[in-house]
Amino acid sequence: MQIWGAPIVLAILTTIGLISALLGDGIWDALSAVTLGIPCLVGAWYCLRRRPAARQHR
């Protein structure tokens, strides 16, 4: 569960967001925006975070 926990949560959020976008307007649009935005923010965070410089072994 340690390896698959985060991807499962992101998949559930994406599924909820896509279904809520199809259901209606108003609160459904807000719910879909939030639940689809979270995986995008997580992906952007992992993409933009700094990695420590690798040491060069000679």
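Computed from label points 7 Å out along Cα-Cβ, the spacing between ILE3 and LEU41 is 2.9 nm.
Based on protein heavy atoms only, segment 5-50 ends up with 73 Å² per residue of surface accessible to a 1.4 Å probe. With the convex hull drawn over the C-alpha atoms of the chain, the volume per residue is 93 Å³. For ILE8, the accessible surface of its heavy atoms amounts to roughly 70 Å² (probe 1.4 Å, protein chains only, rounded to the nearest 10).
Of all the options LEU22, LEU36, LEU13, the one that moves most in a Gaussian network model of the chain with Cα springs shorter than 10 angstrom is LEU22.
Carbon-plus-sulfur accessible fraction, the chain (probe radius 1.4 Å, protein heavy atoms only): 69%. Computed on the chain, with alpha-carbon pairs under 8 angstrom and 6+ residues apart, the relative contact order is 29 percent.
The values are calculated or read from the model by the stated rules, or taken from the named source; none is laboratory data. Fair warning: this is a prediction, and the values are worked out from it, not measured in the lab. Cβ: placed from backbone, ideal geometry, glycine included. Neighbour counts: every protein chain shown. To get the accessible areas, we keep the full protein, side chains included, count just its heavy atoms, and leave off ligands, DNA and RNA. Shrake-Rupley method; radii C 1.70, N 1.55, O 1.52, S 1.80 Å.
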